[in-house]
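Engineer: Sharing a structure here in structure tokens format.
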Amino acid sequence: MDYRNGNGHRDYRIFTGNSNRPLAEAICKDLDRPLARATVGRFSDGEIQVEIADNVRGMDSFVIQSTSTDANANLMELLILVDALKRASSGSITAVLPYYGYARQDRKTASRAPITAKLVADLIEAAGATRVVSMDMHAGQIQGFFNVPFDHLYAAPVLLGDMKQRFEGAGQDLVVVSPDAGGVERARAYSKRLGSQLGIVDKRRTKPNVAEIMNVIGDVRGKVTVLLDDMIDTAGTLTQAANALVDEGATKVFAYATHAVLSGPAVERITKSPLEEVVVTDTILLRPEAVACRKIRTLTVANLLGEAIRRIHSADSLSSLFV
């Protein structure tokens, strides 16, 4: 079957590991292409075994793989897939990481701490990736750790579209809240586009091993509040912030986040919290208990990633994908 387009661009293939196959299949459906054939399995001792079944010589290859739980296994699958494609003479290899693991370790926080986000960047490049695509990085400066082109996408078009539909007409009765000081810029951008107010939850400890004090900055009394974050891991900060907002008189508390890591007690905490609903995207494949939780709803970013792949392959601009 010949997938060469009328503009004469070379063919391309989309591969995936085992981290989030449903998302890869949804992206392929959006692009009206089959998922390329590759075996990503294990030897009896646990080593990862990869075999590319489709011809990729001279073609553009895209590998869709989130480095989420199990982060180490999924990262190794990505590296081995990229290496296999390089040795199969693929014309270009784009690593598409909807969720970039290890992004929280982007700087030295102690005198002998590693910068693991840089290490992972070096590994991806060394494996043979010629381009990297990711979404809502925990630290945007990680783009600078790469010496190959890096496209940083945002889930804002998807999340904002859902918010506008749900909170249409709320205006000043809606407050977009950052659950910590680090996310203020993101919350401000969303509140501006929604025409809403902005709030911040300031979390601090008076001394070690003493319970945190949550201070709400902004007027939330009698308002509908939306907590906004890039990722939800154990949901500790999120649920504490939700409690603080309710204590300050918020009538309802919703939460939106791009990456649903949801590790440890996260689902249980969300279930027991005053949160009305937690809306996430499918950059990470949800665990069964998260799928079963009635408070968690998933939006897809498959169309956004699919359009990015289409434009990268055809050498078109990605700027119109941003809001």
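Engineer: Does region 99-110 contain any residue that is in contact with a Gly (Cβ under 9 Å, 6 or more places away or on another chain) and farther than 22 Å from Ile284 by Cβ?
Structural biologist: No, region 99-110 contains no residue that is in contact with a Gly (Cβ under 9 Å, 6 or more places away or on another chain) and farther than 22 Å from Ile284 by Cβ.
Engineer: State all residues of region 145-157 that are over 19 Å from Ser317 (Cα atoms) and either open to solvent by 20 Å² or more (accessible area, probe 1.4 Å) or part of a helix (DSSP H, G or I) (or both); if no residue qualifies, say none.
Structural biologist: Phe145, Asn147
Engineer: I've got another one for you. Collect the residues in region 116-143 that are more than 13 Å from Leu75 (Cβ to Cβ) and surrounded by fewer than 12 Cβ atoms within 10 Å (Cβ to Cβ), keeping them in residue-number order.
Structural biologist: Gln141
Engineer: Same structure, new question: Out of the residues in region 264-277 that are crowded, with 18+ Cβ neighbours inside 10 Å and among the small types (Gly, Ala, Ser), which is nearest to the chain's Cα centre (by Cα)?
Structural biologist: Ala266
Engineer: Moving on. May I ask you to verify whether Thr258 is β-branched (Val, Ile, Thr), modelled with pLDDT of 95 or more and surrounded by 22 or more Cβ atoms within 10 Å (Cβ to Cβ)?
Structural biologist: Yes, satisfied.
Engineer: Would you confirm, using the coordinates I've provided, whether Gln141 is touching a residue at least 12 places away in the same chain (Cβ under 8 Å) and in contact with a Gly (Cβ under 8 Å, 6 or more places away or on another chain)?
Structural biologist: No; evaluated as a whole, the condition is false for this residue.
Engineer: Name the one entry in Ser44, Ser66, Ser89, Ser61 that is without any contact (Cβ under 8 Å) to a residue 40 or more places away in the chain and either open to solvent by less than 80 Å² (accessible area, probe 1.4 Å) or in contact with a Pro (Cβ under 7 Å, 6 or more places away or on another chain) (or both).
Structural biologist: Ser89
Engineer: Same structure, new question: Please report, ordered by residue number, the helices (runs of 4 or more DSSP H) entirely within region 233-296 with at least 2 residues that are under 21 Å from Arg221 (Cβ atoms) and of a type in the set (S, T, N, Q).
Structural biologist: Fully inside region 233-296 and qualifying: 236-247.
Engineer: Does region 278-299 contain any residue that is open to solvent by 60 Å² or more (accessible area, probe 1.4 Å), among the hydrophobic types (A, V, I, L, M, F, W, C) and under 17 Å from Val176 (Cβ atoms)?
Structural biologist: no
Engineer: Six or more apart or on different chains, Cβ under 8 Å: which pairs go from a residue in region 8-24 that's modelled with pLDDT under 95 to one that's part of a strand (DSSP E or B) and open to solvent by less than 10 Å² (accessible area, probe 1.4 Å)? Could you list them?
Structural biologist: Nothing qualifies.
Engineer: Further question on the same structure: Would you confirm whether any residue within region 100-115 is surrounded by 14 or more Cβ atoms within 10 Å (Cβ to Cβ), modelled with pLDDT of 95 or more, touching a His at 6+ places or on another chain (Cβ under 9 Å) and in a loop (DSSP other than H, G, I, E, B)?
Structural biologist: The answer is yes; a qualifying residue exists.
Engineer: Right, another one. Return the pair list, or none, for Cβ contacts closer than 9 Å from residues in region 302-323 that are closer than 16 Å to Ile27 by Cβ to residues that are surrounded by fewer than 16 Cβ atoms within 10 Å (Cβ to Cβ) and hydroxyl-bearing (Ser, Thr, Tyr), at least 6 apart or on different chains.
Structural biologist: Pairs that qualify, where the first residue is closer than 16 Å to Ile27 by Cβ and the partner is surrounded by fewer than 16 Cβ atoms within 10 Å (Cβ to Cβ) and hydroxyl-bearing (Ser, Thr, Tyr), are Arg311/Ser317; Arg311/Ser320.
Engineer: Being at pLDDT 95 or above, of a type in the set (Phe, Trp, Tyr) and farther than 23 Å from Asn303 by Cβ, is that true of even one residue in region 41-49?
Structural biologist: Yes; the residues of region 41-49 include at least one that is at pLDDT 95 or above, of a type in the set (Phe, Trp, Tyr) and farther than 23 Å from Asn303 by Cβ.
Engineer: Within the bounds of region 183-196, is there any residue that is in contact with a strand residue (DSSP E or B) (Cβ under 7 Å, 6 or more places away or on another chain) and part of a strand (DSSP E or B)?
Structural biologist: The answer is no; no qualifying residue exists.
Engineer: When you scan region 68-78, do you find a residue that is at pLDDT 95 or above and in a strand (DSSP E or B), even just one?
Structural biologist: No, that holds for no residue.
The values are calculated or read from the model by the stated rules, or taken from the named source; none is laboratory data. The structure presented is a predicted model; accordingly, all values stated were derived computationally and were not measured. Methodologically, a virtual Cβ is constructed for each residue, glycine included, from the backbone with ideal geometry; neighbour enumeration extends over all protein chains shown. Heads up: the accessible areas ignore ligands, DNA and RNA and are worked out on the full protein's heavy atoms, side chains in. Shrake-Rupley method; radii C 1.70, N 1.55, O 1.52, S 1.80 Å.
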